[in-house]
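The values are calculated or read from the model by the stated rules, or taken from the named source; none is laboratory data. Everything quoted here is computed from the prediction, not taken from an experiment. Cβ coordinates were reconstructed from backbone atoms using ideal geometry, including for glycine residues, and neighbour counts include every protein chain displayed. Remember, those area values only see protein heavy atoms, side chains included, never the ligands or the DNA or RNA. Shrake-Rupley method; radii C 1.70, N 1.55, O 1.52, S 1.80 Å.
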Amino acid sequence: MNTINLNKKIFRNFIITFLSTFILLIWILPLIWSIFVSFKSEIEVLAYPPNVFFKPVLDNYKAAIFGSLSILSELSDSFIIASITTILTLLLSIPAAYSLARLNLFGKKKIGFYVLATQMIPPMGLVIPYYLILGKFGWLDTYHGMIIVYMTFSLPFAIWLMVSFMEDIPREMEEAAFLDKASRIKTLLYIIVPQVKGGIAVTTIFTFMNSWNEFLFAVQLSGNKVRPVTIAMYNFVSVEQTLWAKLCAAALIAMIPVIIIGLIGNNHIVKGLTLGAVKGGGRK
Amino acid sequence: MDKGLKIEIKNITKKYGKVTILEDVNLTIEPNEFFAFLGPSGSGKTTTLRILAGLEEINNGQIFFNSKDITQSSPGSRDVAMVFQSYALYPHMSVFENISFPLKMDGVKKNQINEFVKQASQRVKIEHLLNRKPGQLSGGQQQRVALARAIVRKPKLFLLDEPLSNLDAKLRLETRVELKNLHKSLNVTTVYVTHDQEEAMTLANRIGVFLKGKLMQVGTPKEIFDNPASLDVAGFIGNPPMNLLDAEIVDGKLVVEGKLIKNYSTIFKNKKDLVVGIRPNDISLGEDGIEAKVYLIEQLGDSSIINLHINKKIVKHKTGENLTLEEGEDVKVSLNPDKIYLFDKITGLKI
């Protein structure tokens, strides 16, 4: 009986390992391919069948950073847009989520629904309206224009996420703070915010990542004065040729900030996403 | 030393939607008194405490602290400290930060904060735990931190919401004594919510009995025990509570289950719908009396509770004697006529 169970277990583990490796490979293969390509010369890239062994060169990275097609200014544009979007999203979503989670607001349920409903509209349907709106204000191709557009996506998500984190905090904790003569604002700062650090980390990472990786709106609503790094990939595509090696190098460089933020916040993301499931487990 | 806080509660009513939680509660708590709200869960005692703290809004009524109307005041402005049943410690702060939080919010200077925290933590014997986080403490230690956080600010009023209910039995008895001492040394008006009669009786100067959202009776522990004002209170106070048996007066004689208990000369010569209350200790088993059957015997060590069936009703008899009874045995029960309480079954009031 026991051996059968044990065999079953081993078999199950084998299947799980096999499946997850397979899925991981599907995910990671393009990345590995890009890394290889980024170290090849442009001629080598077009060799068919592809060479597994080749002499790696750093020319593509040099070109993507220092050359005439440098993506440095685009990186800085993306960094400005993504970080300001993230900071503003946090500053607005924390008090908004607190009021939705705790205060008896008039029409609270409707507001809550609206916040989620905005997430249901496909972005494609919003491109043209946003183009017209930003155009009317003269905000096309500006930092603030892009930041506001990105915030319309990040804010609802952030609020929704923070509300669920805040609702997990026992009300008595806040009541204790009120009796300790803390005002609402101080209660939020000293009692609530430190306890939703996980949620703040998750919000930060998701907001930064989404606005950094965004392409559709970037390409439609900006592109001349303000050029997010996703658009910069077009630097390497022209009518005559596509510079695949340099494109890959640029794409890999553009990934670095997101990877760094992801690694820093990795623990928090896992903690944050699972904390909601155990509802206040570990806290008393 | 200044005079303590006197609390007056006038005509308080609290509703959640259509459900009435508290109905027309009136109460005066004297300065420096240790007052207990006693009642089963859902009786409105915690709600009343939270109303005193300012954490619940009321539909009707007023609250006065030393004759000042504070009905609409915010919790922070009332200068009260509360120990929650769950303790509500701030999990991300150390014990020191937890205790100092009310001082910090009150704008107390840093060197004074250290001094006050030291005093408060010594008082509840947790000075060695100041660097720990609440999650690293046992239930009893957490409870002491909550107490320290409450006393550190030297408030005018202490509110304790079932502070001992999460402790194990031994610790509960120890902490009970310490609470009593704490109240003696601090001498601050204290309101204590509990469902445990023993706690209320041993700790409080006076008790308010809450039942079904009403304040049924207020008095000293002895008054409440010796002189329950109504059937509800009689059926709740005492461990086990009073036995309640249907009775009537026939020709000036009190009759229970067909047996004459005693002559009864009051305004009534004949009256039906009465209830006789008798404490489990005031029943005796003997040759003569009401017929009963032994149903179950509970051994308590120094005494035992004998559950008797009288006309399908369970009557408890508590005795220290070592009786050789068997379950299912027929016995005769007599009630001590000097120790009976008589209630009107319809109004529920004592006669």
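Which peptide among B:43-53, A:129-139, A:113-123 comes first, and what is the full order, when sorted by highest mean count of other Cβ atoms within 10 Å? Don't skip to the answer; put the middle values down first.
On the way: B:43-53: 23.4, A:129-139: 14.0, A:113-123: 11.7.
Packing proxy ranking, top to bottom: B:43-53, A:129-139, A:113-123.
Which of rounded, prolate, oblate describes segment A:70-277, given a ≥ b ≥ c as roots of the alpha-carbon gyration tensor eigenvalues and a/c under 1.5 marking rounded, otherwise prolate only if a/b is larger than b/c?
Prolate.
State whether segment A:1-145 is rounded, prolate or oblate according to the following rule on the C-alpha gyration tensor (a ≥ b ≥ c being the square roots of its eigenvalues): a/c under 1.5 gives rounded; otherwise a/b larger than b/c gives prolate, and the remaining case gives oblate. The partial results should precede the final answer.
Details: a/c = 2.85, a/b = 1.17, b/c = 2.44.
Oblate, because a/c is 1.5 or more while a/b does not exceed b/c.
Could you work out, residue by residue across A:32-42, how many beta carbons of other chains sit within 10 Å of that residue's beta carbon, and then give the average as an integer? List each step's numbers first, then the result.
Values: counts 0, 0, 0, 0, 0, 0, 0, 0, 0, 0, 0.
For peptide A:32-42, the averaged partner shielding equals 0.
What residue among A:ARG12, A:ARG184, A:ARG102 has the largest mean-square fluctuation in a Gaussian network model of chain A, using Cα springs under 10 Å?
Among A:ARG12, A:ARG184, A:ARG102, the largest mean-square fluctuation in the Gaussian network model of chain A belongs to A:ARG12.
For peptide A:184-196, how many partner chain Cβ atoms fall within 10 Å of a residue's Cβ, on average? Display every interim value, and only then the final one.
Details: counts 1, 0, 4, 2, 0, 0, 7, 6, 0, 1, 4, 3, 0.
The per-residue average across the peptide is 2.
Per residue, how much accessible surface does segment B:7-234 expose to a 1.4 Å probe? Answer in Å², no decimals.
Numbers: 9740 Å² over 228 residues.
That works out to 43 Å² for each residue.
Please give the charge dipole size of chain B, origin at the Cα centre, charges +1 on K and R Cβ atoms and -1 on D and E Cβ atoms. Round to the nearest 20 debye. Could the numbers behind the result be given before it?
On the way: 48 positive and 43 negative charges, 320 e Å.
It works out to roughly 1540 debye.
Report, in listed order, any pair from B:LYS14/B:LYS212; B:LYS271/B:LYS332; B:LYS180/B:LYS318; B:LYS259/B:LYS339; A:LYS186/B:LYS110; A:LYS186/B:LYS184 with a Cα-Cα distance greater than 23 Å.
Numbers: B:LYS14/B:LYS212 12 Å; B:LYS271/B:LYS332 26 Å; B:LYS180/B:LYS318 29 Å; B:LYS259/B:LYS339 16 Å; A:LYS186/B:LYS110 18 Å; A:LYS186/B:LYS184 34 Å.
In this structure, B:LYS271/B:LYS332; B:LYS180/B:LYS318; A:LYS186/B:LYS184 exceed 23 Å between Cα atoms.
Set Lys and Arg Cβ to +1 and Asp and Glu Cβ to -1, take the dipole of segment A:70-277 about its Cα centre, and tell me which of A:THR242, A:SER211, A:LEU155 lies farthest positive.
A:LEU155
Quote the charge dipole size of segment B:1-114 about the Cα centre in Debye, to the nearest 20; the model charges only the Cβ of Lys and Arg (+1) and of Asp and Glu (-1).
In total the dipole reaches around 200 debye.
Toward the positive end of the charge dipole of chain B, about the Cα centre and with charges on Cβ (Lys, Arg +1; Asp, Glu -1), which of B:PHE96, B:HIS128, B:ILE9 goes farthest?
Selected residue: B:PHE96.
Per DSSP helix of 4 or more residues, -39500 (n - 2.57); summed, then divided by the residues of chain B. What does that give at 222 nm, rounded to the nearest 500?
-7000 deg cm²/dmol
What is the antiparallel percent of DSSP beta bridges lying wholly in segment B:7-234, to the nearest 5?
Just about 50 percent of them are antiparallel.
Restricting to DSSP H runs of at least four residues, report the calculated mean residue ellipticity at 222 nm for chain A, -39500 (n - 2.57) per run over all residues, nearest 500 deg cm²/dmol.
It comes out at -23500 deg cm²/dmol, rounded to the nearest 500.
Explain nothing, just the number: dipole magnitude of chain A about its Cα centre with +1 on each Lys and Arg Cβ and -1 on each Asp and Glu Cβ, in debye rounded to the nearest 20.
1000
Tell me which DSSP H helices of chain A clear both cut-offs, 18 Å or more of axial length from alpha-carbon atoms and a mean Kyte-Doolittle hydropathy of at least 0.0.
Membrane-span-like by this criterion, though nothing is claimed about a membrane: A:2-38, A:72-102, A:124-137, A:143-167, A:197-213, A:244-278.
Determine the sum of side-chain charges near A:SER222: Lys and Arg each +1, Asp and Glu each -1, restricted to other residues whose C-beta is under 11 angstrom from that of A:SER222.
Summing Lys and Arg as +1 and Asp and Glu as -1 gives -2.
What does the highest-first list of B:217-230, B:109-122 look like by mean Cβ count within 10 Å?
B:217-230, B:109-122
Averaging over every viewing direction, what projected area does the convex hull of the Cα atoms of segment B:256-307 cover, in nm²?
Computing the convex hull of the Cα atoms and averaging its projections yields 5.1 nm².
Against the longest alpha carbon principal axis of chain B, how many degrees, from 0 to 90 and to the nearest 10, is the axis of helix B:139-151 turned?
70
Return the percentage of antiparallel bridges among DSSP beta bridges fully within the protein assembly as shown, rounded to the nearest 5 %. Please list the in-between numbers first.
Numbers: 61 of 79 bridges.
Looking only at bridges with both residues in the protein assembly as shown, the antiparallel portion is about 75 percent.
Over segment B:245-351, give the accessible area per residue in Å² for a 1.4 Å probe, as an integer.
Value returned for segment B:245-351: 60 Å² of accessible area per residue.
Please give the average number of partner chain Cβ atoms lying within 10 Å of the Cβ of each residue in B:96-107, rounded to a whole number.
3
Go through A:ILE259, A:THR187, A:THR142 and say which Cα lies farthest out towards the positive end of the charge dipole of segment A:70-277; charges sit on Cβ, +1 for Lys and Arg, -1 for Asp and Glu.
A:THR187
Would you mind telling me the share, in percent, of accessible area of chain B contributed by carbon and sulfur at probe 1.4 angstrom?
Result for chain B: 47 percent of the exposed heavy-atom area is carbon or sulfur.
Using only Cα atoms, what Kirkwood radius does the protein assembly as shown have, in angstroms?
Numbers: mean 1/r = 0.0319 Å⁻¹.
It works out to 31.3 Å.
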